[in-house]
Amino acid sequence: ADPEDRDGDGVSGRPQIVVDVETKQQRLGRFGYKAGQPRLRHQIAGALNSDMGVTTTVAKTLDGNTKSSPVEVSDEGLANLERYIALLGVSAQRSLDDVEAMRGKQLFTEARCTACHTPSITTSSYHPFAELRDQKIQPFTDLLLHDMGEGLADTLGEHTASGAEWRTAPLWGIGLTDGVSGGEAFLHDGRARTLEEAILWHGGEAEIAKEAFRKMARQDRDALIRFVRTL
């Protein structure tokens, strides 16, 4: 995190700090488009509540209501959902012997896409699931909030995040979007029909990286996209 951009590189990501609704402690926000949820349990409970109208002990009051509703998913059921989602495997990167894709990887770094899409992170030693402890993962995100400019801004803030601030989206698995979803639509609202469009919508702190991509020769842009599709 560099909220004051002290290194002068134009990137000033900052963490979203939120209150844990169960413990009332301050925690790092990690889940959701604006990193508004600190724990996977809370992300699931929020989705059940807001998207499906289903209550849990974590989120008893439905949108538009002022009074709590009967709990529909028990703590045991919520814990089972959390375990299932937490232990889903991530597909391995593909085409590691593709020379053009690996050239795209270098261009991805040179364009400074990695300033926000950090290639690797090492997980904590204290995760409740032993198999997830001390693992070097490659999600291509720094999990920080970044101002992405007016072009990607909406009118809805979340906690301390403004309408223009978004958590860096992880890129792992993005190359499988078509096969999994039956089509491609990227960014928080699906406005981008291709990965190239998604990159060109970047602004704000990503303006320098976006311009580096825009000014590349066609074959270089193709190579960079080819690399992203391997993730």
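The values are calculated or read from the model by the stated rules, or taken from the named source; none is laboratory data. Keep in mind that what you see is a predicted model, and the values were worked out from it rather than measured. Cβ placement follows ideal geometry from the backbone for every residue including glycine, while neighbour counts extend to all protein chains displayed. Quick note on the areas: whole protein, heavy atoms, side chains included, nothing else; ligands and nucleic acids left out. Shrake-Rupley method; radii C 1.70, N 1.55, O 1.52, S 1.80 Å.
The residue that is farthest from residue 21 (Cα to Cα), among those in the stretch 59-83 that are of a type in the set (A, V, I, L, M, F, W, C) and open to solvent by 50 Å² or more (accessible area, probe 1.4 Å), is 81.
For the stretch 90-112, enumerate the residues that are open to solvent by less than 50 Å² (accessible area, probe 1.4 Å) and either more than 22 Å from residue 196 (Cα to Cα) or part of a loop (DSSP other than H, G, I, E, B) (or both).
Quick first cut of the stretch 90-112, residues open to solvent by less than 50 Å² (accessible area, probe 1.4 Å) only: 98, 101, 104, 107-108, 111.
Correct list: 98, 111.
A quick yes/no check of all residues on (1) at pLDDT 95 or above; (2) within 15 Å of the chain's Cα centre (by Cα); (3) basic (Lys, Arg); (4) more than 20 Å from residue 91 (Cα to Cα):
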| site | (1), (2), (3), (4) |
| --- | --- |
| 166 | yes, yes, no, yes |
| 169 | yes, yes, no, no |
| 176 | yes, no, no, no |
| 196 | yes, no, no, yes |
| 201 | yes, no, no, yes |
| 204 | yes, no, no, yes |
| 217 | yes, no, no, yes |
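Among the residues making up the stretch 6-28, those that are touching a residue at least 40 places away in the same chain (Cβ under 8 Å) and surrounded by 14 or more Cβ atoms within 10 Å (Cβ to Cβ) are 10, 11, 12, 13, 14, 15, 16, 18. Note on the stretch 145-188: residues that are more than 18 Å from residue 18 (Cβ to Cβ), in contact with a Phe, Trp or Tyr (Cβ under 7 Å, 6 or more places away or on another chain) and open to solvent by less than 30 Å² (accessible area, probe 1.4 Å) total 3. The number of residues in the stretch 113-157 being part of a loop (DSSP other than H, G, I, E, B), of a type outside the set (Ser, Thr, Tyr) and more than 14 Å from the chain's Cα centre (by Cα) comes to 11.
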